[in-house]
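First comes the structure, then the notes that go with it.
Values in this text are rule-based calculations from the coordinates and carry no lab data. This one's a predicted model, so the numbers in the text were calculated from it and none came from an experiment. In this analysis, Cβ positions are derived from the backbone assuming ideal geometry, glycine residues included, and neighbour counts consider all displayed protein chains.
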Amino acid sequence: MTPALQSHATLALCRLAPVIPVLVIEDPAHAVPLARALVGGGLPVLEVTLRTDCALEAISLMARVPGARVGAGTVLGAHDAERARAAGATFAVSPGSTPGLVAACTALDLPLLPGAATASEVMGLLEQGYRTMKLFPAGPVGGPDLLKALHGPLPQAIFCPTGGIGVQNAGAYLALPNVACVGGSWVAPKPAMAAGDWAAIEALARTACALRVP
Ligand code: 3PG
């Protein structure tokens, strides 16, 4: 799958809901109830970061939850992309991009949402065919002001900003013409997961879902 087709697929995913939850799952028993809560709250696109021992198992479990569109996050290279694909991930998210990662996702037919933080990185991704990308880390690199500035010369780039976004500032990002959705961990706080408070997570998802700009 070419980078252009990958970008087409990730843009469609980004347009399904205003927020992609960025998930760090420590206990595989959390995977299914967490996915059900988020999907139930209106957030079907889920990014499971490959930062924990059970992340791949969680992806396999969550991929079977009706309505869930499960991808892997923190995909740093070909090996991660292969493991994510084998576990059932249907897309990959990376904080950046490397030639090896792009080649692997292209060979695996795994749509990649690659990360960029500067105009040159955005231009590099556009040159390869990626029009949809993650701005990372969105807050520290300039937030909505940076996205507004990038939109002038690079209006063809569409972003999922992630990093430092919460319910209080997501609206400022979502109002921008070059933002399709935002990513964030705030919808699945660690204490709520540890307590098995899936109703609280579903309520956070509902609030996040309502952030969509009409
Ligand atoms: C991450 O690095 O974990 C993601 O970008 C999410 O960042 P956040 O915790 O600031 O939402």
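Before moving on, here are some points about what is shown:
- The slack between LEU16 and ALA210, meaning 0.36 nm per residue of separation minus the straight C-alpha distance, is 68.6 nm.
- From phi via Karplus (6.51, -1.76, 1.60), per-residue ³J(HN,Hα) for region 57-70 in Hz, x at Gly/Pro: 4, 4, 4, 4, 5, 5, 4, 8, 6, x, x, 7, 10, 9
- With the simple model of a label 7 Å out from the Cα in the direction of the Cβ, ALA119 to ASP27 spans 4.9 nm.
- Taking the fewest neighbouring Cβ atoms within 10 Å as the starting point, the ordered list for THR10, THR52 is THR52, THR10.
- Contact order relative to length of region 82-214, as percent, for alpha carbon pairs under 8 angstrom and 6 or more apart: 17 percent
- For peptides 38-45, 79-86, 98-105, sequence by mean Cβ density within 10 Å, most packed first: 38-45, 79-86, 98-105
- Estimated Rh, the chain: Kirkwood, alpha-carbon pairs, angstrom: 16.7 Å
- Rounded FRET efficiency, nearest 0.05, which uses the C-beta distance separating GLU127 from GLU82 and R0 of 25 Å: 0.50
- Placing a label point 7 Å from the Cα of LEU154 along the Cα-to-Cβ line, the residues of region 83-99 whose backbone N sits under 14 Å from it are 96-97.
- Distance (nanometres) between label positions extended 7 Å along Cα→Cβ at ALA175 and ASP53: 4.6 nm
- Cβ-based net charge around VAL19, under 14 Å, with every Lys or Arg adding one and every Asp or Glu removing one: +3
- Close amide-amide hydrogen proximity is noted between VAL93 and ALA72, GLY73, THR74, VAL75, LEU113, each under 5 Å apart and 5 or more residues distant or on a separate chain (H modeled in the peptide plane; Pro and chain starts excluded).
- The string of couplings for region 22-32 from the Karplus curve (6.51, -1.76, 1.60, θ = phi - 60°) is 9, 10, 10, 9, 9, 9, x, 5, 7, 4, 5 Hz, one whole number per residue in order, with x for Gly and Pro.
- For region 169-180, 3J(HN,Hα) computed residue by residue from phi via the Karplus equation (6.51, -1.76, 1.60; θ = phi - 60°) reads 10, 4, x, 5, 6, 5, 6, 7, x, 9, 10, 8 Hz, glycine and proline entered as x.
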